[in-house]
Amino acid sequence: MGAVDLKGRDFLKLLDYTPEEIRYLVELAAAYKKKKHEGILHDDLRGKNVALIFEKTSTRTRCSFEVAAHDLGMGSTYLDPSASQISKKESIADTARVLSGMFDGIEYRGYGQEIVEELAKYASVPVWNGLTNEFHPTQMLADLLTIQECFGTFEGIKVAYMGDARYNMGNSWMVTCAKMGMEFAACAPESYWPDRDLVATCQELAKETGARIGFYEDAMEGVRGANVVYTDVWVSMGEPDEVWKERIDRLSPYQVNRKIMEQAGDGAVFMHCLPAYHDLKTQIGKEKGEQFGFTELEVTDEVFESECSVVFQEAENRMHTIKAVMAATLGAD
Ligand code: CP
Ligand code: NVA
């Protein structure tokens, strides 16, 4: 692990990282996970402090940053949109310079990727992307760690991405597969395939890494032989309420159900970044379920609760991988 040095780097999207650096972060996360499970203290960043800016809500990402910061011996300050001046009374550039004077690193979850890129441009400390409309890179590291734990390798792994393949999770998966030499099969209507420029970038990367990138309107064709069947919500944070009907109409053929899992390879796992609409036990799920007449959405409750579902292992891995990102970029030794 010794050769890679990420001290002082931002973590904004996986496109900025080499396959070797990505592998290093996954290995570092595995090492931190082992320490945590064995009860070995690892407060290597004692005395440092991080700012956590959330312009959108979160359970996993916020908790991961806070617990990881605490385990590393750091203080953390949570800023939600209603409790800070960011964007309303103070620009991103000014916020970046103010926070850089008090903190050793800044996490940002929000809307356009250009916002986190601007924050990083003006900040003099590492900036970490906790999700934008375009990318969710810390989720990708957790997913890679989970795949490594399940299959022992990234080589030859096929990921079938079902549903809305043109938002943060679909984009991030295409980039991740391109970087790591994996197979990415987007299963979605054509208008839900990722942006053409990003596809072209990933196809170029794939030439170097041996990755394969495919797009399928026929879900049964795309998912054939997949090792990982992945999906995400059909309506993401910040999208208007009016899109629900169209999403349900267009994306229902891409629901992950028993038939889809049977079509995937032997030993295939089901993954989801969460939160998921797999039943009506949430306020929005119940309200929309009654309005549109469904009881489960992007994944059936049967698959979600089945043996092949590794979603809670994946969620735990958010914390270990976020810890690795902070430790590596802040220079814990
Ligand atoms: N997967 C994920 O980012 O979850 P949160 O929105 O709860 O952080
Ligand atoms: N696409 C989802 C991901 C949540 C982790 C969203 O942006 O809301």
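Are there any pairs with C-beta distances below 6 angstrom linking a residue in segment 1-23 that is in contact (Cβ under 8 Å) with a residue 60 or more places away in the chain to a residue that is outside any helix (DSSP H, G or I) and not aromatic (Phe, Trp, Tyr), with the two at least 6 apart or on different chains, and if so which?
Lys7/Gly331; Asp10/Pro126; Asp10/Val127; Leu12/Asn129
Output the number of residues of segment 41-93 satisfying the condition of being among the acidic types (Asp, Glu), away from ligand 1 (no atom under 16 Å from the Cβ) and under 25 Å from Glu117 (Cβ atoms).
Number satisfying all stated conditions: 1.
Just to be sure I understand, how many residues within segment 110-166 are of a type in the set (Ser, Thr, Tyr), within 15 Å of ligand 1 (Cβ to nearest atom), surrounded by fewer than 22 Cβ atoms within 10 Å (Cβ to Cβ) and over 19 Å from Ala96 (Cβ atoms)?
0
Pick from segment 50-74 the residues that are away from ligand 2 (no atom under 16 Å from the Cβ), surrounded by 16 or more Cβ atoms within 10 Å (Cβ to Cβ) and not hydrophobic (A, V, I, L, M, F, W, C): which of them is farthest from the chain's Cα centre (by Cα)?
Asp71
What are the residues in segment 258-292 that are within 16 Å of ligand 1 (Cβ to nearest atom) and either among the β-branched types (Val, Ile, Thr) or in a helix (DSSP H, G or I) (or both), if any?
Thr282, Gln283, Ile284, Gly285
Of everything in segment 209-231, what is among the acidic types (Asp, Glu) and under 25 Å from Glu314 (Cα atoms)? Give them in sequence order.
Listed by number, the list is empty, since nothing qualifies.
If a residue has to be under 25 Å from Gly112 (Cβ atoms), of a type in the set (Phe, Trp, Tyr) and assigned to a helix (DSSP H, G or I) to count, how many in segment 200-257 make the cut?
Initially, segment 200-257 is screened for residues under 25 Å from Gly112 (Cβ atoms), giving 200-205, 213, 215, 230-244, 246-247, 250-251.
With the extra rule that they be of a type in the set (Phe, Trp, Tyr), the set shrinks to 215, 230, 234, 244.
Still in the list and also assigned to a helix (DSSP H, G or I): 244.
Within segment 200-257, residues that are under 25 Å from Gly112 (Cβ atoms), of a type in the set (Phe, Trp, Tyr) and assigned to a helix (DSSP H, G or I) number 1.
Do we find that Phe312 is outside any loop (DSSP other than H, G, I, E, B), without any contact (Cβ under 8 Å) to a residue 60 or more places away in the chain and surrounded by 19 or more Cβ atoms within 10 Å (Cβ to Cβ) in this structure? If you could, list the steps in order and put the result at the bottom.
Values: outside any loop (DSSP other than H, G, I, E, B): yes; without any contact (Cβ under 8 Å) to a residue 60 or more places away in the chain: yes; surrounded by 19 or more Cβ atoms within 10 Å (Cβ to Cβ): no.
So Phe312 fails the test.
Values quoted throughout were computed directly from the atomic coordinates according to the rules given, and no laboratory measurement underlies them. Bear in mind that the values here come from a model prediction, so they are computed numbers and not experimental data. A quick note on method: Cβ atoms are made from the backbone with ideal geometry, for glycine too, and the neighbour counts reach across all protein chains shown.
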